Amino acid sequence: MRILVVEDEKRIADFLTRGLQGAGYAIDAAPDGATAINHANSTDYDLIILDLMLPDMDGLKVLERIRGRKAGPPVLILSARGAVDDRVKGLEQGADDYLTKPFAFVELLARVRALLRRGQPAPEKLQVGDLSVDVMRRKVTRDGETIDLAPKEFGILEYMMRNKGRPLSRTMIVEHVWDMDYDGLTNIVDVYIRHLRSKIDDRYTTKLIQTVRGIGYMIEGPDRPPAIPQSETPFERV
Ligand code: CA
């Protein structure tokens, strides 16, 4: 899946690029309207995330130009303007969704996924051991039992499950789950991991969330015992 991020504020553009890359998407960034239109004309994107206030032209103008082409990709407008008429104008001009700044990354990611999922009805399910997460319904179960998670807990768990078996640093987790205005300490991650453990691990013999010393955390299912090969006859058949 390839996404074009149109955003002139470098800090936000970088934040979006890193976060979406971490979620497994390929990202191109355009810092202004002209670059955005060029990119959109030359590349088949699955989604365009469009800021409205751009240095060279209004984002709605960009939308109009993109929408002038037939069957373009879905467009998610991202803007500090929260006024109702801006939303209406954007949606009328063919945007598919609208998110107001500041936003939490998890929220953006949920919208992005929803837009990308159109036309692909299969719900996304993540599985680690006997823990499963239905991303679309935001439903978590372990061994068939439903577990209720707060949004940030869900965000962390989803991020870890998408990267199962891969150690994730506290910084990586913060960057994926907290919004860009979060300037606090990364040890907030430890607090949330403690909550998560109490909900998904404490009552079970097999612990899925692991502390990776010097790095952070990782989720991993129990190792499946290697299949024992049928004993080979040590003697050659005659
Ligand atoms: Ca802007």
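If you check G82, G119, G68, G72, which single one turns out to be surrounded by fewer than 19 Cβ atoms within 10 Å (Cβ to Cβ), in contact with a Ser or Thr (Cβ under 7 Å, 6 or more places away or on another chain) and modelled with pLDDT under 80?
Values: G119 fails: in contact with a Ser or Thr (Cβ under 7 Å, 6 or more places away or on another chain); G68 fails: in contact with a Ser or Thr (Cβ under 7 Å, 6 or more places away or on another chain); G72 fails: in contact with a Ser or Thr (Cβ under 7 Å, 6 or more places away or on another chain).
Sole residue among the options that is surrounded by fewer than 19 Cβ atoms within 10 Å (Cβ to Cβ), in contact with a Ser or Thr (Cβ under 7 Å, 6 or more places away or on another chain) and modelled with pLDDT under 80: G82.
Output the number of residues of region 9-55 satisfying the condition of being touching a Ser or Thr at 6+ places or on another chain (Cβ under 9 Å) and charged (D, E, K, R).
Count: 2.
For region 192-217, give me each residue that is at pLDDT 95 or above and of a type in the set (A, V, I, L, M).
I193, L196, I200, L208, I209
Quick one: which helices (runs of 4 or more DSSP H) lie wholly within region 8-76 and hold at least 2 residues that are touching a helix residue (DSSP H, G or I) at 6+ places or on another chain (Cβ under 8 Å), within 16 Å of the ligand (Cβ to nearest atom) and within 30 Å of G155 (Cβ to Cβ)? Walk me through how you get there before you give the answer.
Values: elements: 10-22, 33-42, 59-67.
Once the helices (runs of 4 or more DSSP H) in region 8-76 are filtered for at least 2 residues that are touching a helix residue (DSSP H, G or I) at 6+ places or on another chain (Cβ under 8 Å), within 16 Å of the ligand (Cβ to nearest atom) and within 30 Å of G155 (Cβ to Cβ), what remains is 10-22, 59-67.
Which residues, taken from region 131-157, are without any contact (Cβ under 8 Å) to a residue 24 or more places away in the chain and either surrounded by 15 or more Cβ atoms within 10 Å (Cβ to Cβ) or assigned to a loop (DSSP other than H, G, I, E, B) (or both)? Please lay out each step first, then the result.
Pass one, region 131-157, residues without any contact (Cβ under 8 Å) to a residue 24 or more places away in the chain: 132, 134-139, 141, 144-146.
Once the filter is applied, which keeps residues that are without any contact (Cβ under 8 Å) to a residue 24 or more places away in the chain and either surrounded by 15 or more Cβ atoms within 10 Å (Cβ to Cβ) or assigned to a loop (DSSP other than H, G, I, E, B) (or both), region 131-157 yields S132, V135, M136, R137, R138, K139, G144.
Of the residues D14, D32, D51, D28, which is under 22 Å from F103 (Cβ atoms), acidic (D, E) and without any contact (Cβ under 8 Å) to a residue 24 or more places away in the chain? Walk me through how you get there before you give the answer.
Values: D32 fails: without any contact (Cβ under 8 Å) to a residue 24 or more places away in the chain; D51 fails: without any contact (Cβ under 8 Å) to a residue 24 or more places away in the chain; D28 fails: without any contact (Cβ under 8 Å) to a residue 24 or more places away in the chain.
Just one listed residue meets the conditions, D14.
Condition first: closer than 14 Å to G216 by Cα and surrounded by 12 or more Cβ atoms within 10 Å (Cβ to Cβ). Now tell me which residues in region 158-174 satisfy that.
The answer is Y159, M160, N163, K164, R166, P167, L168, S169, R170, M172, I173, V174.
The values are calculated or read from the model by the stated rules, or taken from the named source; none is laboratory data. Predicted model, so just to flag it, every value in this text is computed and none were measured. Glycine also receives a Cβ, built like all others from the backbone with ideal geometry; neighbour counts cover every protein chain displayed.
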